[in-house]
Ligand code: C5P
């Protein structure tokens, strides 16, 4: 039997990937960070001076782009045309442009197709914005993670400081709010809680507490 599929959605910096990695490891599933695919294309668009608002140009670029996600101990490595861009796709420049790339229906259609292929014959924990609603509408478990924008900005700030990246709390808060706004208001599969998703507010929970809650839901399912 194909093992469990878990969809984790929610706004920016809600802790989805951190928690998804822990849950995937515990359940021996693969972890797929779909945001990394949109980030990878955005990275390449910026590098090639392709306008992130020009859907046609982006589609042409995408058709000529090989995006590979590879499982590693620490989570997931991302390659664009064979080049390791795991770190590069986390830059502020990519972060602040990715939502424009992800707005285009033709881009989403192809990304969703690739994501569904990745999940086809195996157990997965997949995180993103439209996993429960569009990518894996039949997922066994759907989780919608939320947290206050203050808390999310604070977590991102501390993460950046830890990594030695420049960070400004107010700027981070503004960037997160803007990204959520674009992701929620776009026409093509916007950020939305699936009807059958379980919402978890992580504002006052630890990473382990959130992971445990999801594992509990997953266990009840099996
Ligand atoms: O998850 P992450 O913050 O890395 O996602 C980056 C961006 O990619 C999101 O802000 C959103 O614009 C886009 N995205 C999406 N659908 C997904 C995953 C990410 O539109 N399933």
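Coordinate-derived values only; no laboratory data. Note that this is a predicted model, so its numbers are computed, not measured. Ideal geometry is used to build each Cβ from the backbone, glycine not excepted, and the neighbour counts take in all protein chains shown.
Normalising by the residue count of the chain, find the relative contact order in percent from Cα pairs under 8 Å and 6+ residues apart.
Relative contact order here is 33 percent.
Let's test the formula: R0 of 30 Å, r as the Cβ-Cβ distance of residue 221 and residue 154. What FRET efficiency results, to the nearest 0.05?
About 0.40, to the nearest 0.05.
Kindly state, to the nearest 0.05, the FRET efficiency for residue 109 paired with residue 28, given R0 = 41 Å and r defined as their beta-carbon distance.
0.85
Can you give the % of DSSP beta bridges in the chain that are antiparallel, to the nearest 5?
Percent antiparallel among DSSP bridges in the chain is about 30.
In Å, what Rg and Dmax follow from the Cα atoms of the range 118-222?
Answer for the range 118-222, Rg first and Dmax second: 15.6, 44 Å.
Could you work out which residue, out of 128, 56, 35, moves most in a Gaussian network model of the chain, that is, has the largest mean-square fluctuation with Cα springs under 10 Å?
Maximum fluctuation in the GNM of the chain, among the listed residues, is at 56.
Normalised by the residues of the range 1-117, what does the relative contact order come to in percent, with Cα pairs under 8 Å and at least six apart?
The normalised contact order for the range 1-117 reaches 24 percent.
Where does each of 204, 184 land when they are ranked from fewest to most other beta-carbon atoms within 10 angstrom?
204, 184
Could you let me know the centre-to-centre spacing of the range 138-159 and the range 167-201, using Cα atoms, in angstrom?
Here the two parts' Cα centres lie 9 Å apart.
If you wrap a convex hull around the C-alpha atoms of the range 39-134 and split its volume per residue, what is the figure in Å³?
In the range 39-134, the Cα convex hull volume per residue is 108 Å³.
Would you mind computing, in nm to one decimal, how far apart the modelled labels at residue 178 and residue 166 are, each placed 7 Å from Cα along Cα→Cβ?
1.5 nm
Expressed as a whole percent, how much of the Cα-Cα distance distribution for the chain exceeds 28 Å?
When all Cα pairs of the chain are counted, 25 percent exceed 28 Å.
Determine the distance separating the Cα centre of the range 1-58 from the Cα centre of the range 100-118; give it in Å without decimals.
Answer, in whole Å: 11.
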